[in-house]
1. Among the residues of the stretch 357-402, which ones are aliphatic (A, V, I, L, M) and under 16 Å from residue 127 (Cβ atoms)?
2. Which one of these does residue 399 not meet: (1) of a type in the set (Lys, Arg); (2) closer than 30 Å to residue 317 by Cβ; (3) touching a helix residue (DSSP H, G or I) at 6+ places or on another chain (Cβ under 6 Å)?
3. For residue 345, all conditions in the list (1) over 13 Å from residue 417 (Cα atoms); (2) in a helix (DSSP H, G or I); (3) of a type in the set (A, V, I, L, M) hold save one; what is the number of the exception?
4. Could you check, for the stretch 287-298, whether at least one of its residues is modelled with pLDDT of 95 or more, more than 16 Å from the ligand (Cβ to nearest atom), more than 20 Å from the chain's Cα centre (by Cα) and of a type outside the set (A, V, I, L, M, F, W, C)?
5. Can you name every residue in the stretch 265-278 that is more than 11 Å from the ligand (Cβ to nearest atom) and among the aliphatic types (A, V, I, L, M)?
6. Output the qualifying pairs, or none if there are none: Cβ atoms under 7 angstrom, residues six or more apart or on different chains, first residue in the stretch 285-307 and closer than 20 Å to residue 218 by Cα and in contact (Cβ under 8 Å) with a residue 12 or more places away in the chain, second residue among the charged types (D, E, K, R) and more than 11 Å from the ligand (Cβ to nearest atom).
7. Take residue 34 and decide whether it is surrounded by fewer than 16 Cβ atoms within 10 Å (Cβ to Cβ), hydroxyl-bearing (Ser, Thr, Tyr) and outside any helix (DSSP H, G or I).
8. Can you tell me which residue in the stretch 407-426 is surrounded by the fewest Cβ atoms within 10 Å (Cβ to Cβ), limited to those that are in a helix (DSSP H, G or I) and away from the ligand (no atom under 16 Å from the Cβ)?
Amino acid sequence: MEAEKAYQWLVERGKEVAYLGAAASLLGWDQRTYIPAKGHPHRARQFAVISRLLHQLTTDPKIGEMLSVVEDSPLMDQPDVAANVRNWRRDYERRTRVPERLAVELAQAESEGESAWAELREKEDWAGFVPYLEKILSLKKEYAEAVGYEAEAYDALLEDFEPGERAERLEALFAELRPALVDLLQKIQGAPRQPDTSIVHRDFPVEAQKALILEVLPQLGYDLEAGRLDPTVHPFATRITPGDVRITTRYYDDYFNAAFFGSVHEAGHAMYEQGLPEAHWGTPLGEAVSLGVHESQSRMWENMVGRSRGFWEYFFPKARAHFPVLADVGLDDFVFAINEVRPSLIRVEADEVTYNLHILLRFEIELALFRGEIGVRDLPEVWNQKMEAYLGIRPTAYKDGVMQDVHWSGGLFGYFPTYTLGNVYAAQLFAKAEAELGTLEPNFARGEFAPLLAWLRDHVHVHGRRYTPRELMTRATGEAPRAMYLLRYLEKKYSALYGF
Ligand code: ZN
């Protein structure tokens, strides 16, 4: 009885935290969409108040006591209870191991680092940025020591984004991807056929883009009665509560891909959040398991579904109805144009093939930093060498090279690899879904996306944080994550498009 009361207390605390977090999410959504310019200073202070409250609620020593009561009881024989308690214990330990002084210093260094990055990047002032990055790196090393790890410090950072993942395993996975991707890129660049990308740079009125997106997303399975689409500068998806999962996008009136595929990407994130079990809202079983698994959902819908020929067999006539400029464009030329592969200096502009090389480069640099093999001052040279080796291009400005991403300045080390893990998971999940459901493109060509979504609901979404990402993948696909499925998918798709 006492254990049951303790468990109920933990569930109630979880819901309180979730609702307070939902308030913060809604404020965050507003801050990135419609807030008036003069609203920012007070909004920042408002966030500080809420995060202090959240910190108190989630590091309360009573949580540790209540967890001990449940852990020593027969309640742990119930799988739902055991899964929630295991995650709560993990989260609680990781939070309470960080000394208050370190948490405050980190928060301050991250916020100063991000502001410095924005300003110094514009001025191309790498030397001025070095001390900020060195400070963050040293605090993050301290953080890794505080939360603890088994093999190496970098694992402690990975654990924040991809629970259970290890640097050593990622090294092996990425070592398999790297030469195959470099080789594929070379084949593509030497291919006889090349796309005419002027097709996607015509006149695409924003209102028509929005109308097409709002026609497409519900058909994929994004529930607009439990969501909405708004414009922003840096697109994102955010769950406020189970009945309110929002996405945002950025429109260009002379470029089709950004808003359309950005929206499908964010809808992939949102459909995952909409598929989490509502009955478990406020507990780990109602939460997304990791950034990698999250990204697997967005990437699958964006690339494997949204950039497939089958998808456009169904949607191209509808797109033409919205955009008269596409009247003289054939389906195959359009599909080729939206799948162009071209090495670029900027990660966020990269295609499916080169994107992973951008991530590999960042992962290798992070690992070398945390293993003490290089220092912050070495970064531009290491960066440029790797760019040249992997993509055959070399930045001439810091803002197009080592200073392009905000992540490191905000302390996000261990985050980048989850992008490529997402692609690896997506290809493996998609292959398994097709093994069970049959080839999916004919479904897409008929406008049928429900079978794929239902499969993802059953094998991924419904589990919340019941399993680690690796366990989840193994249960869903029968094997641990491996590079082969992504490589096979990319080789098949791009050899057909480019004709080699
Ligand atoms: Zn994403």
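1. Passing the criteria: 376, 379, 397, 402.
2. Single failed check for residue 399: (2).
3. Going through the list (1) over 13 Å from residue 417 (Cα atoms); (2) in a helix (DSSP H, G or I); (3) of a type in the set (A, V, I, L, M), residue 345 breaks only (2).
4. no
5. Of everything in the stretch 265-278, those that are more than 11 Å from the ligand (Cβ to nearest atom) and among the aliphatic types (A, V, I, L, M) turn out to be 271, 276.
6. 303/352
7. yes
8. Among those that are in a helix (DSSP H, G or I) and away from the ligand (no atom under 16 Å from the Cβ), it is 410.
The values are calculated or read from the model by the stated rules, or taken from the named source; none is laboratory data. Every value quoted in this text rests on a predicted model; they were computed, and no experiment measured them. Note: ideal-geometry Cβ built from the backbone for every residue, glycine included; neighbour counts use all protein chains shown.
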